[in-house]
Amino acid sequence: MLLAGQALDTVRRQLQHDGAALKGSLWSLRGNVWNLSAERQKQRRDLCAQYTKLGRAMTLRETLQAIYASPDQLTAQSQLQWWCGWAVRSRLEPFRTLAKTVRQHWEGILAYFDTGLTSAAIEAVNGIIQLAKRMARGFKNFVYFRTAAYLRAARLKFDLPVIN
């Protein structure tokens, strides 16, 4: 969904570069419709009706989001195949690229529908380890880095006595 939002934003920027009157509409076009005020929702509908490319891009993004709410892998697989075909035919280059990315990561995306798990937890741990790596500059060997990574990732709290 992050890539779909980025593709939509790319379409918006291309339209703005071509002279579309989109000033002040960024936050109406980003995010989910249920998080927007009534005024922003109206602005979003009006812009999508006025600029067909933007309307197509928004519909592609919202349809992909609906597919992610599919109850099972079989339903999601058929819907994703249909969505990828639509994205390729949409004449919107960012969504063509997104469809290609979805096809490259097909098995992993479909695995989400079975397990409901994403790689977010692994990415969070990786971020913690990267922080430990930055902090470990100057350590003499890998053992010290590993120790720093364990301490960071485990979030241990040491209740050591304070010497006054």
With every protein chain in place, the stretch 13-164: carbon and sulfur % of accessible area (1.4 Å): 56
Scalar couplings 3J(HN,Hα) for the stretch 141-153 by Karplus 6.51 cos²θ - 1.76 cosθ + 1.60 (θ = phi - 60°), nearest whole Hz, x for Gly and Pro, are 8, 5, 4, 5, 4, 4, 4, 5, 5, 4, 4, 5, 5
Please go through the stretch 1-86 and write out the trypsin sites (Lys or Arg not before Pro) that DSSP classes as loop and that have at most 10 other C-beta atoms within 10 Å. Lys23
Leaving out ligands and nucleic acids, note down the accessible area per residue over the chain with a 1.4 angstrom probe, in whole Å². 70
Residue (of Ala99, Phe139, Leu151) at the positive-pole extreme of the stretch 54-164, dipole from beta-carbon charges: Phe139
By how many nm would the segment from Leu74 to Asp46 lengthen if fully extended, with 0.36 nm per residue of separation less the alpha-carbon distance? 6.5 nm
Indicate the gyration tensor shape class of the stretch 46-110 (rounded, prolate or oblate), computed on the Cα atoms with a ≥ b ≥ c the square roots of the eigenvalues: a/c under 1.5 is rounded; otherwise a/b larger than b/c is prolate and the rest oblate. oblate
Cβ-placed point charges (K, R +1; D, E -1), dipole of the chain about Cα centre in debye, nearest 20: 620
Explain nothing, just compute: Karplus ³J(HN,Hα) = 6.51 cos²θ - 1.76 cosθ + 1.60, θ = phi - 60°, for every residue of the stretch 87-97 in order, whole Hz, x for Gly and Pro. 5, 5, 7, 6, 6, 10, 4, x, 7, 4, 4
Matching label for the computed semi-axes √(5λ) of the Cα gyration tensor in Å, out of (1) 31, 26, 15; (2) 41, 22, 16; (3) 38, 21, 13, is (2)
Cα to Cα, under 19 Å, and not fewer than 8 places away if on the same chain: which aspartates and glutamates meet these conditions relative to Lys133? Glu123
Set of lysines with alpha-carbon distance to Lys53 below 21 Å, sequence-local pairs under 8 removed: Lys23, Lys42, Lys100
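The values are calculated or read from the model by the stated rules, or taken from the named source; none is laboratory data. A quick note: this is a predicted structure, and the numbers were derived from the prediction, not measured. With ideal geometry, Cβ positions are generated from the backbone for all residues, glycine too; neighbour counts draw on all protein chains shown. Only protein heavy atoms, including side chains, enter the accessible area calculation; ligands, DNA and RNA are left aside. Shrake-Rupley method; radii C 1.70, N 1.55, O 1.52, S 1.80 Å.
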